[in-house]
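Input: a single structure, listed below in structure tokens.
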Amino acid sequence: AVVDWLDVFTRNEYKDILIDSLSYCQKHKGMEIHAWCIMTNHVHLVFRSINDLHPSSLLGDFKRFTSKKIVKAIQDNPKESRKEFLLEQFKKAAGMSSNVNKFQFWRHDNKPIELWSNKVIHEKISYVHNNPVDAGLVYHPEDYVYSSAADYADKKGLLDNVIVFQYFG
């Protein structure tokens, strides 16, 4: 989640940074993605690490890279009407953190859940894909572009190589 639950991902160019980074993590860091969804102020991921990198380290790398890239994109975006407000909030959050220098973009508290059964995996993936529906953004999960729900509806999503979880009840 973004600090203070700020709605940063209302602009596609910021969401695209996350897509590019997830793709990089898939290709170069061993992130096997089963489900994902970018909401206005947070991201849901169902993934596993298929290399030696611990999932928390993989997520940490993702957060460090994307925070710098998104803050820079906000700074450089002439169309960003909330630029000063957002940067001030990120600076304020960094001032309250002992391990962040200039700007803190992501909250430190992730909510990782280890998925231990097929039933739980299916429940969590359904939850991730239904987030945009519950938020009133779309009527059907597969209609939300910035998620893997299209992949689960036999369509092509934005992110390549999503491992679609098959649940047979």
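Sparse packing (at most 11 other Cβ atoms within 10 Å of the Cβ) combined with a DSSP loop state is found for the following trypsin sites (Lys or Arg not before Pro) in the stretch 53-102: Lys79, Lys102. Rolling a 1.4 angstrom probe over the protein heavy atoms with all chains in place gives the stretch 3-152 an accessible area of 57 Å² per residue.
For the options Ile113, Ile74, Ile17, a Gaussian network treatment of the chain with springs between C-alpha atoms closer than 10 Å singles out Ile113 as fluctuating the most. The chymotrypsin sites (Phe, Trp or Tyr not before Pro) of the stretch 92-138 meeting both criteria, a DSSP state outside H, G, I, E and B (loop) and at most 15 other C-beta atoms within 10 angstrom of the site's C-beta, are Trp116. Taking only alpha carbon atoms, the stretch 43-95 gives an Rg to Rh ratio of 1.11, where Rh is the Kirkwood radius. When the chain is treated as a GNM with alpha-carbon contacts under 10 Å, the residue of Val133, Val120, Val43 showing the greatest mean-square fluctuation is Val120. The length gained on full extension between Arg82 and Ser23, counted as 0.36 nm times the residue separation minus their Cα-Cα distance, comes to 18.4 nm.
Full-extension gain between His108 and Arg64, please, as 0.36 nm times their residue separation minus the C-alpha to C-alpha distance. Mind dumping the intermediate values first?
Details: separation 44, 0.36 × 44 = 15.84 nm, distance 1.10 nm.
Here the segment from His108 to Arg64 would lengthen by 14.7 nm.
Per-atom-type breakdown for the chain gives carbon and sulfur 51% of the accessible area (1.4 Å probe, protein chains only). When every Cα-Cα distance of the chain is counted in 10 angstrom steps from zero, the calculated P(r) takes the values 10, 37, 36, 15, 2, 0 percent.
The values are calculated or read from the model by the stated rules, or taken from the named source; none is laboratory data. None of the values given here were measured: they were computed from a predicted structure. Positions of Cβ are generated from backbone atoms using ideal geometry, with glycine treated the same way; all protein chains shown enter the neighbour counts. Surface areas here come from the heavy atoms of the whole protein model, side chains and all, with no ligands, DNA or RNA. Shrake-Rupley method; radii C 1.70, N 1.55, O 1.52, S 1.80 Å.
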